[in-house]
């Protein structure tokens, strides 16, 4: 007779089988039996966070920097509800998470018991799937299924809710066997005809562009390699969404920078004027398309995506290829190399006018800003940070707001999985705990959270986690005392009525760093910035870097509201000529 | 809306909405209906009627029939989003006008009136397989099966014969001929 294990033991047997090395969590009444077993399973290390949202974001950071699913373990009631923001964030940005929650004992469910909440009900819209375990004999099967759902197809978060009595009950443990067929939810069903059509379009195009997104990163490092190969083989220009940064080297001449609301002039204009748009793993998000009726009006659109529901959701496309980016690109390259040898040379003439046009747009230098000797311009701070860290294999996380956009614009990423930012949900407070997760996964690497002072205060308590586990994360705060992006919109759209966007009482971040037991550094002038950054980089402890920047600086360029891609608002010089008025104000 | 300061775009051009009948085969497990209905409400899709029951006790399969209206793009999204749900096995979609599909709905009508009116009411139902399920000297309950819009108009027209209560199942659908939906 095979051995009987308690529900709590089965949880860890499953985690071991799934090769989980770290879980992020916070104990509480309804998960105590699971925490009790922790000591018996050495291969799973638990990271104690300070708030369940932090556990979620840390697991996201872990997942996005490794490509493996992140795991969090929280208690019932408030434990579960605190994790909801992180689950929703992961759902929007397609990050594989497995969230295990405790639940009150089965017989108390529905009685409004202490720390009871309808966890599966609350998390149903923000997970790919969730389970309430009602029988200990199903537990192992469910947990393994949870990992399968989280990591296959378009990745995303799942949740397993385990009542306390189930954690005590005993059952046999069955070893995990990988299923051959994945319930029809994994979609890799493109045809050779699709690929031939794509290549036909590629060879005819005179004004092509690749528009790539987070799907490339999610498909694994190999997908980025294949993408590079294809982009070089075609000689086409490429732009990337916020989430796709890093899948193509940012310092390459074929890269036009990020597109979208705060994308570059050349990228957005190229998107508007192209005759062929090849969307690889992006989803035509509203921050990308601007005014949808005038989105890239003259182009044939190709959409490669693993999620069939992404196709034609926002923008109607001419050729849909449903499949994993890696396999689609593999087939494309194979076919392409066979039928179009030396394409990039022979095709050079056909797209030379296009490149000339792009160079003209480029010469606008849309990311330029007016420098200053007295105050640190936030863009300058990011530029210096990039210059001083570019030779290290640096991992960057961000919070949400102006600093996030400046980081995306001015920090150049050359590898996938190095850039962790909350794009879809736009969660302020994401970056610090995400940095904790990244540092756990990559203990020897440099991990920097480019932050704003308002965002970082939302999850500041996780510094305590960083100190506890000796995680030398660097929190690089661009401190302008405002919720900068809110302030910017108020300036541009609400007649400079800065309603509640100024934080009148901020903590002293240097003293705060010391109180947490880490290092605090402050930079006030451009002159001292480099030395201070180097001081930060030389520290082997967690650092909070308080970078006092220009309080009025706005993030440009910008697609102003109600406008298509070809009508961008450039920096301060250009702005006087085009004022945002009337209807356009709603779109920002 | 013109002066709205929302952070998002205006709605673009609207396509014309059609009525569709969506049939979904799902595992009959806890919360599955909430998942399907939550998907509709969460994404702002309409539900005009919904009928659900287990149809295969052995494999625990339930069949959900949903009548909805939406533009072609929305209907497409509904189908694709439904197919992504883990307990969903297959999804069928029929236009209301589709001649190859039978749509039927059952309704129970309660009339309270004198005998003359009750008889008229029964006669008025005669095209829709009426069955008298209950009868007293001042009331009756009639069961009919008909199309949605027929029941819509019947429940309006029968008011004059003393119709006081209507209960209806929502449409269910089945393809004609020997074909079954795979």
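The values are calculated or read from the model by the stated rules, or taken from the named source; none is laboratory data. For clarity, every value in this text was computed on a predicted model and none was experimentally measured. Ideal geometry is used to build each Cβ from the backbone, glycine not excepted, and the neighbour counts take in all protein chains shown.
Some points to look at:
- Count of residues meeting criterion [away from chain B (no Cβ under 14 Å), within 28 Å of residue A:194 (Cβ to Cβ) and not in a loop (DSSP other than H, G, I, E, B)] in the stretch A:269-293: 9
- Residue in the stretch A:231-244 that is under 12 Å from residue A:332 (Cβ atoms) and in contact (Cβ under 8 Å) with a residue 40 or more places away in the chain present: yes
- Output for the stretch A:299-310, where each listed residue is facing chain B (nearest Cβ under 8 Å) and in contact with a strand residue (DSSP E or B) (Cβ under 7 Å, 6 or more places away or on another chain): A:308
- Residue satisfying all of: in the stretch A:130-141; more than 10 Å from every other protein chain (Cβ to nearest Cβ) and surrounded by 20 or more Cβ atoms within 10 Å (Cβ to Cβ); farthest from residue A:29 (Cα to Cα) among these: A:140
- Among the strands (runs of 3 or more DSSP E) confined to the stretch B:92-182, the ones with at least 3 residues that are within 21 Å of residue B:49 (Cβ to Cβ) are located at B:101-112, B:139-146, B:163-168, B:172-175.
One line per residue, one yes/no per condition, for (1) surrounded by 20 or more Cβ atoms within 10 Å (Cβ to Cβ); (2) over 26 Å from residue B:46 (Cβ atoms); (3) touching a helix residue (DSSP H, G or I) at 6+ places or on another chain (Cβ under 9 Å); (4) within 14 Å of another protein chain (Cβ to nearest Cβ):
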position: B:66; (1), (2), (3), (4): yes, no, yes, no
position: B:88; (1), (2), (3), (4): yes, no, yes, yes
position: B:97; (1), (2), (3), (4): no, no, no, no
position: B:117; (1), (2), (3), (4): no, yes, yes, no
position: B:121; (1), (2), (3), (4): yes, yes, yes, no
position: B:125; (1), (2), (3), (4): yes, yes, yes, no
position: B:133; (1), (2), (3), (4): no, yes, no, no
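- The residues of the stretch A:97-114 that are touching a strand residue (DSSP E or B) at 6+ places or on another chain (Cβ under 7 Å) and over 15 Å from residue A:162 (Cα atoms) amount to a single one, A:97.
- Any hit, the stretch A:81-88, residues being away from every other protein chain (no Cβ under 14 Å), modelled with pLDDT of 95 or more and on the phi > 0 side of the Ramachandran plot: no
- For the stretch B:68-86, the candidate set comprises residues that are assigned to a strand (DSSP E or B) and touching a helix residue (DSSP H, G or I) at 6+ places or on another chain (Cβ under 8 Å); within that set, the residue that is farthest from the other protein chains (Cβ to nearest Cβ) is B:68.
- Qualifying residue in the stretch A:359-380 (condition: in contact with a helix residue (DSSP H, G or I) (Cβ under 9 Å, 6 or more places away or on another chain), at pLDDT 95 or above, assigned to a helix (DSSP H, G or I) and surrounded by fewer than 13 Cβ atoms within 10 Å (Cβ to Cβ)): yes
- Here residue A:513 meets each of (1) at pLDDT below 95; (2) surrounded by 19 or more Cβ atoms within 10 Å (Cβ to Cβ); (3) not in a loop (DSSP other than H, G, I, E, B) with one exception, condition (1).
- Taken together, A:309, A:296 contain a single residue that is buried (at least 17 other Cβ atoms within 10 Å of the Cβ) and assigned to a loop (DSSP other than H, G, I, E, B), which is A:296.
- When the stretch B:13-42 is filtered for residues that are assigned to a loop (DSSP other than H, G, I, E, B) and either within 15 Å of residue B:73 (Cβ to Cβ) or within 11 Å of chain A (Cβ to nearest Cβ) (or both), the ones remaining, listed by number, are B:13, B:14, B:15, B:16, B:17, B:29, B:30, B:31.
- Selection within the stretch A:1-13: residues that are closer than 13 Å to residue A:172 by Cβ and modelled with pLDDT of 95 or more. The member of this set that is surrounded by the fewest Cβ atoms within 10 Å (Cβ to Cβ) is A:4.
- From the options A:127, A:106, A:101, A:119, residue that is touching a residue at least 40 places away in the same chain (Cβ under 8 Å), within 14 Å of chain B (Cβ to nearest Cβ) and under 30 Å from residue A:219 (Cβ atoms): A:127
- Breaking point among (1) in a strand (DSSP E or B); (2) under 20 Å from the mean Cα position of the chain (by Cα); (3) crowded, with 24+ Cβ neighbours inside 10 Å, for residue A:216: (1)
- Looking across A:249, A:208, one residue alone is over 17 Å from the mean Cα position of the chain (by Cα) and buried (at least 22 other Cβ atoms within 10 Å of the Cβ). It is A:208.
- Criterion violated by residue A:253 - all others in (1) away from chain B (no Cβ under 14 Å); (2) touching a residue at least 24 places away in the same chain (Cβ under 8 Å); (3) not in a helix (DSSP H, G or I) satisfied: (2)
- Within the stretch A:553-588, the residues that satisfy the criterion of being at pLDDT 80 or above, part of a loop (DSSP other than H, G, I, E, B), within 29 Å of residue A:381 (Cβ to Cβ) and more than 12 Å from every other protein chain (Cβ to nearest Cβ) are A:553, A:554, A:555, A:556, A:557, A:565, A:568, A:570, A:571.
- Residue check: residue A:488 meets all listed conditions (1) within 14 Å of chain B (Cβ to nearest Cβ); (2) not in a helix (DSSP H, G or I) but one, namely (2).
- Identification of strands (runs of 3 or more DSSP E) wholly contained in the stretch A:1-104 with 3 or more residues that are within 19 Å of residue A:131 (Cα to Cα) and within 21 Å of the chain's Cα centre (by Cα) yields A:70-74, A:97-103.
- Some residue of the stretch A:503-510 being in a helix (DSSP H, G or I), under 18 Å from residue A:465 (Cα atoms) and in the same structural domain as residue A:469 (by TED's automatic domain parsing): yes
- Of the helices (runs of 4 or more DSSP H) lying entirely inside the stretch A:112-204, those containing at least 1 residues that are closer than 28 Å to residue A:327 by Cα are A:139-151, A:192-204.
- The residues listed here are A:493, A:478; of these, the one that is modelled with pLDDT under 95 and in the same structural domain as residue A:429 (by TED's automatic domain parsing) is A:493.
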